[in-house]
Amino acid sequence: MSVFTISALELIIARRNMWVATSVILMGLFTAVLTLAGGAPTGTLSVDPLTIATTSITTLSVYLIPLIGLLLSFDAIAGEAERGTLALNLTYPVSRIEILIGKFLAHLAVLAFAIGVGLGLAALLTIWQYGPADLSFTPLVKLFFTSLALGAAFLGIGYLVSCLVRQTGAASGIVIIIWLVCVVLYDLGLLGALVADDGGSFTKTIFPWLLVANPADAFRLINTPVASVSVLASGIGAAGGASGLAGQLTSLLIWPVITLFLAWLAIRRIEL
Amino acid sequence: MTALMIDNVYKHYGALKTVCGVNLKVQAGERVALLGHNGAGKTTLIRMILGLTPISSGSIKVLGTVPGSRLARQSIGFLPESVAFHGALSGREQLRHFARLKSITPRMADDLLDRVGLSDAADRKIRTYSKGMRQRIGLAQAVLGKPKLALLDEPTSGLDPISRHEFYDIVRDLANAGTAVLLSSHALTELETRTDRIAIMSKGKLVANANLEQLRQNARLPINVKVTTTPDHADRVAHELGGTRVNGQSISLTCLQNEKVAVLGQITAFGEVIKDVDVTPSSLEQLYRHYSVDNQEGM
């Protein structure tokens with residue numbers, strides 16, 4: 001019960017802090033623009049227009065969803081520790097893991113709402129442009145759930161940082177660095193290694209696994225339709241074949257579990 | 001019933017001992033003031049009672065159970081030293097949240113908002129509150145659901161004199177209803193008449209634990225006597241009593257508790273010459289200095 005009490009309060013805070021509005025506007029705006037603009041140059045191609053939209057949105061979501069996840073979570077524990085409400089809350093009959101899960105559920109709901117609005121808008125705009133016939137909504141549903149898993153992984157990372165540093169200012173700086181590393185620098189590093197290796201053993205054996213080990217890349221691979229790879233996506237789709245869907249799904253699902261578990265270990269260690 | 005039992009408790013961080021062998025009991029309905037300098041170990045002791053900080057050795061029992069257990073936490077009300085709530089919430093939302101955590105109906109939270117004088121501001125955001133209003137929210141959550149043990153750390157800091165008065169009324173009602181109250185404060189004068197017992201900590205040790213009268217007797221601090229005479233006789237009275245002239249017609253002298261009656265007899269023997277006599281026992285402030293500072297020097 002305490003878990004839901006905490007979630008309810010977190011949802012009020014997220015609404016008042018404009019986090020809900022910010023996330024929804026970000027997701028809605030970008031997906032709308034991508035759906036409308038994405039269709040323009042490929043309108044005559046034989047590729048399903050919704051597939052084009054989801055591919056564009058996937059590329060965007062890789063950046064946006066980790067960012068929203070981290071922004072929602074970095075203050076969660078550090079802010080309460082700074083205000084003194086963490087100690088106060090813990091004098092109530094509520095455990096640390098209940099606090100963590102309560103906050104997680106609330107933030108996950110905010111993410112789900114923002115992603116849902118964004119993808120719903122994409123679906124509506126596509127139907128409006130092309131009519132409902134011959135559209136496959138499976139990629140959209142897949143995109144929704146994998147986006148949520150990606151967001152959950154970064155929520156967990158945010159809580160972990162929040163527990164470890166216990167200062168809002170420091171936590172915000174660290175999560176931005178983590179975001180940069182995961183969605184930009186990691187891929188650049190891999191790319192550099194690929195170029196240096198020049199098609200050697202690294203490219204064939206280690207690279208696919210390193211790629212899928214990053215939840216953001218696993219997410220990208222899952223949502224890049226294999227059939228359309230040659231049409232739309234870059235060469236990374238081919239590399240994804242080695243790890244397979246199972247590997248990608250495992251990466252995407254195990255990251256939230258690992259990061260939340262680590263956050264739980266970290267919150268348990270806080271001595272007040 | 002013993003609401004709180006602290007038995008030979010120690011707390012050390014490495015070589016630093018912050019609490020050394022403290023023994024303290026608080027019964028249901030008793031109000032105990034915990035005094036001590038900053039760093040005397042009061043807050044550490046309170047945190048151990050709450051189960052937030054592990055005890056190095058010794059034992060603490062809250063209503064017969066270990067600190068931090070569900071039962072203990074369900075029956076404790078705690079007001080932290082400097083409490084801040086999330087500014088985006090209203091007072092009512094924050095208090096109802098705490099009520100739900102303790103499985104108390106939200107109605108009781110609303111009633112408490114009236115009791116602490118926040119009914120008008122209850123639906124405003126906490127970020128618009130003054131420090132005193134935040135402190136009232138803090139107090140309201142601490143007394144939510146009539147706890148068996150209330151731990152109040154510096155509860156009246158930031159409150160104006162009227163609010164302080166109202167605060168001690170709430171504490172008195174709480175104690176009358178059977179809550180054991182342990183409160184720490186620096187505002188010594190207001191504690192004198194409003195607590196049943198005084199415990200003084202110094203350098204992690206409990207150096208005094210008794211009611212005010214017993215503390216006075218044990219401390220053997222001099223009693224201040226102020227005698228007012230007719231102007232012509234001030235010098236003679238001062239000389240015979242062995243006191244010092246303060247101004248035209250007042251004489252100030254001190255005596256020990258056991259000499260008090262004899263001295264008063266001596267004064268009344270002057271008859272018509274004496275216009276007034278004022279006897280002030282040592283204040284809590286003097287006692288506090290005696291127990292905490294003097295003990296510190298003795299160590």
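Coordinate-derived values only; no laboratory data. Only a predicted model underlies this, so the values are computations on that prediction, with no experimental measurement involved. Cβ: placed from backbone, ideal geometry, glycine included. Neighbour counts: every protein chain shown.
For the charge dipole of the protein assembly as shown, defined by +1 on Lys and Arg C-beta atoms and -1 on Asp and Glu C-beta atoms about the Cα centroid, which residue among A:114, B:177, A:265 has the Cα displaced farthest towards the positive pole? Value computed over the given set: B:177.
Based on Cα contacts under 8 Å between residues 6+ apart, the stretch B:120-198 shows a relative contact order of 32 percent.
Take every pair of alpha-carbon atoms less than 8 Å apart whose residues are at least six positions apart; their mean separation over the length of the stretch B:2-217 yields a relative contact order of 30 percent.
Put simply, the C-alpha atoms of the stretch B:222-281 give a gyration tensor, and the ellipsoid matching it has half-axes of 18, 12, 9 Å, longest first. Between the alpha-carbon centres of the stretch B:198-263 and the stretch A:131-146 there is a gap of 89 Å. Size of the stretch B:187-299: Rg and Dmax of its alpha carbons, in Å, are 17.1, 54. Set the bar at 22 Å for Cα to Cα. Now go through B:17/B:131; A:103/B:11; B:203/B:260; B:11/B:205 and name every pair that lies beyond it. Pairs exceeding 22 Å: B:17/B:131; A:103/B:11; B:203/B:260.
Ordering A:159, B:10, B:291 from the fewest to the most neighbouring beta carbons within 10 Å gives B:10, B:291, A:159.
For chain A, the longest principal axis of the alpha carbon atoms and the long axis of helix A:168-180 meet at an angle near 20°. By the scheme Lys and Arg +1, Asp and Glu -1, what is the net charge of all other residues having a beta-carbon under 15 Å from that of residue B:3? Result for the local shell: +4.
For chain A, the longest principal axis of the C-alpha atoms and the axis of helix A:96-130 are separated by about 30°.
In plain terms, the residue of B:240, A:10, B:166 with the fewest other Cβ atoms within 10 Å comes first and the most crowded comes last, giving B:240, B:166, A:10. Averaged over peptide A:81-91, the number of partner chain Cβ atoms lying within 10 Å of each residue's Cβ comes to 6. Counting every other Cβ atom within 10 Å of each residue's Cβ, B:5, A:18, B:133 order from fewest to most as A:18, B:5, B:133. Projecting the Cα atoms of A:193, A:7, A:29 onto the dipole axis of the stretch A:2-269, where Lys and Arg carry +1 and Asp and Glu carry -1 at the beta carbon, places A:7 farthest toward the positive end. Viscosity 0.692 mPa s, temperature 37 °C: Stokes-Einstein D of the stretch B:2-217 from its Kirkwood Cα radius, in µm² per second? The calculation lands on 187 µm²/s. Once the Cα atoms are used to define both axes, helix B:106-115 deviates from the longest principal axis of chain B by about 20 degrees. The Rg/Rh ratio for the protein assembly as shown is 1.19, where Rg is the radius of gyration of the alpha carbons and Rh is the Kirkwood radius. Considered as an equivalent ellipsoid built on the Cα gyration tensor, the stretch A:45-91 has semi-axes of 43, 9, 4 Å, the largest given first. Alpha-carbon geometry of the stretch A:2-269: the Rg and the Dmax are 19.7, 64 Å, given in that order. Here, the stretch B:4-84 has an Rg and a Dmax of 12.5, 37 Å when only alpha carbons are counted. Straight-line cross-link partners of residue B:148 among the lysines, defined as a Cα under 24 Å from its Cα and at least 8 positions apart when in the same chain: B:25, B:42, B:61, B:102.
By the equivalent-ellipsoid construction on the alpha carbon gyration tensor, the stretch A:86-158 comes out with semi-axes of 37, 11, 8 Å, ordered largest to smallest.
Evaluated at q = 0.20, 0.24 Å⁻¹, a Debye calculation over the C-alpha positions of the stretch B:109-180 (equal weights, vacuum) places log10 I(q)/I(0) at -0.83, -1.17.
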